[in-house]
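Written out below as structure tokens is the structure these notes cover.
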Amino acid sequence: MNRILVVWLLAIPAALMAQGPDTVWTRHYGGIGDEICRAMRPTQGGGFVLAGSTTSEGSGGTDAYVVVTAADGTPLWSAHYGGSLDDEFCGVLPLPSSDFLFAGTTHSYGGSGGDFWLFKTSAQGDSLWSHTYGVTGDQTCSSLEATSDGGYMLSGVTCSSPGANTDIFLVKTDAWGNAAWTRTIGDTTSEQIARVIALPQGNYMLAGSEDVWHGPQAGTEAYALKVNAMGNPTWQHLFEETLPAHGTAVQQAPGGGYIFSATADQYSHGEAGLYKESMLMRMTPSGVEEWESLCGLPYDDELNDVAVTPDGAFLGAGARQLPEESKDGFVVKVADGVNSGDTAWTRTWGGGNDDGFTSVAVLDGGRCALAGTTHSHGNGEDADFWLVMMDSVYALSASGLPKALPEDFSVSACPNPFNGSTWIQFHLPRDGRITLRLYDAEGRAAALLADGSFARGAHAIHFHGESLASGLYFCRLASSTGTRTAKVVLLK
């Protein structure tokens, strides 16, 4: 396996638009051509896996490209995959076995046009198996998600012929990549799907956009679509406040419901003209819109991903651009609850050329990893994968000031009840070793959440309960100080 990797440790000045977390470190990865990062996930070992495309090496055209790092961003390995035509990855899943699963679009394998591509590697990057999926025409994959039955869901679009409308295309597979079913969903207009997430009972939520008409005006609107376990639509919702706009990502929100990220393509800033504007939208579990927030800054900004913070707020990540200047990476924190939709702070990173984020992940303890593409810090003006670690977003309130943290020995969960994942939060009055376990109502151990040494202060661990049955659980924190127990309710 041929591998090329160029890495620099950078010190980027903090360009705060309002008070926000500091940069812990930033790195970039690439070769002599362009590397475009489409997705990032934390790995089982505490590091990160980044996926996208490269022109630095390969068999021809664009190849799929992967970089796996340690927790501090130090590269462990990189690799490219593909054939003589254009291939790229758009999604990645680190597996419990420490292997990796990648999804994307291939023109080198499969049919005569573009096909969905699912590709599994070992923990070291060696190819294990590969599958392609498609129908007549071109398919473009945009998202990959694990499903509750151990399989996978790929989402994107299909176009039957050049110039035709695009329709939603879904592929459900088993654990070995064998197609269980495919679905094409569409009408007389074009649909675009950017992201899919798996929900309880085998349902799925998709975020994207749809072409619409408002009288004589045509454009795109951000679009939410819920489908059942067989890929059949159960409801859809158009966010009609801003036209044109396109949806980019979706996550489950605390207490139930969903949070969507989007970009308004031509939002009016008074006499300044029409610019891109970042948007976050919240919906109830049944699809009722609760609020929309235009959360950007003056002039162009856009969101490509959204995450939930341990304190129940939301982080949007994307890019921001001032007139006649290059793009910078952009992050915004938006409140929920009492101050729903209020912007807490914004933060930008960048250099003299275009930079931007496509993925955001909030880690245990509240630190935030951001991944995307930089043209400022690579080989000349070529594009490189870009990874930035931001300090804790957990201890910041909407004012940007540290929140008052409890001084006692405590454990709690937020959201609670939860229907998929929750943050287990605990506070330690002194440094020491702790164990944190989840027990069912019968007192049987259901999960080990933490076992090791932790510093004094507040901590948060993201717990995924998809493999557990609905019901009452008890989270028990034990240390030399004593024990504390909190009730946790899982609803599916």
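The values are calculated or read from the model by the stated rules, or taken from the named source; none is laboratory data. The shown structure was predicted, so the numbers you read here are calculated from the model rather than taken from an experiment. Don't worry about glycine lacking a Cβ; one is built from the backbone with ideal geometry, like all the others, and counts go over all protein chains shown.
Across segment 364-376, the qualifying residues are those that are touching a His at 6+ places or on another chain (Cβ under 8 Å) and surrounded by fewer than 21 Cβ atoms within 10 Å (Cβ to Cβ), and the one among them that is modelled with the lowest pLDDT is G365. Among residues of segment 323-350 being touching an Asp or Glu at 6+ places or on another chain (Cβ under 8 Å) and assigned to a loop (DSSP other than H, G, I, E, B), the one that is surrounded by the most Cβ atoms within 10 Å (Cβ to Cβ) is G350.
Of the residues D174, D167, the single one that is acidic (D, E), closer than 23 Å to W117 by Cβ and surrounded by fewer than 15 Cβ atoms within 10 Å (Cβ to Cβ) is D174. Screening F48, F102, F119, F89 for residues that are in contact (Cβ under 8 Å) with a residue 40 or more places away in the chain and touching a His at 6+ places or on another chain (Cβ under 9 Å) leaves exactly one candidate, F119. Restricting attention to segment 19-70 and to residues that are over 24 Å from A123 (Cα atoms) and hydrophobic (A, V, I, L, M, F, W, C), the residue that is modelled with the highest pLDDT turns out to be W25. Screening segment 444-486 for residues that are among the charged types (D, E, K, R) and in contact (Cβ under 8 Å) with a residue 40 or more places away in the chain and picking the one that is nearest to G46 (Cα to Cα) gives E466.
Identify, please: which residue in segment 279-315 is surrounded by fewer than 19 Cβ atoms within 10 Å (Cβ to Cβ) and β-branched (V, I, T) and is, among those, farthest from A413 (Cα to Cα)? Here the answer is V288. Summed over segment 292-319, residues that are farther than 17 Å from A249 by Cβ and either modelled with pLDDT of 90 or more or not in a strand (DSSP E or B) (or both) total 6.
Checking D167, D126, D174 one by one, the residue that is closer than 26 Å to G58 by Cα and in contact (Cβ under 8 Å) with a residue 12 or more places away in the chain is D126 and no other. Comparison of T43, T74 shows that the only residue that is surrounded by fewer than 17 Cβ atoms within 10 Å (Cβ to Cβ), assigned by TED's automatic domain parsing to the domain that holds L128 and either β-branched (V, I, T) or within 23 Å of I197 (Cα to Cα) (or both) is T74. Answer yes or no as to whether T220 is over 24 Å from the mean Cα position of the chain (by Cα), polar (S, T, N, Q) and closer than 24 Å to A245 by Cα. No: the conditions fail for T220.
Quick one: count up the residues across segment 119-152 that are surrounded by 24 or more Cβ atoms within 10 Å (Cβ to Cβ) and among the aliphatic types (A, V, I, L, M). The number of residues fulfilling the criteria is 1. Exactly one residue out of L448, L477 is assigned to a strand (DSSP E or B), of a type in the set (A, V, I, L, M, F, W, C), at pLDDT 80 or above and surrounded by fewer than 18 Cβ atoms within 10 Å (Cβ to Cβ), and it is L448.
Consider G202 carefully, then state whether it is surrounded by fewer than 23 Cβ atoms within 10 Å (Cβ to Cβ), closer than 24 Å to M281 by Cα and not hydroxyl-bearing (S, T, Y). Against the criterion (surrounded by fewer than 23 Cβ atoms within 10 Å (Cβ to Cβ), closer than 24 Å to M281 by Cα and not hydroxyl-bearing (S, T, Y)), G202 qualifies.
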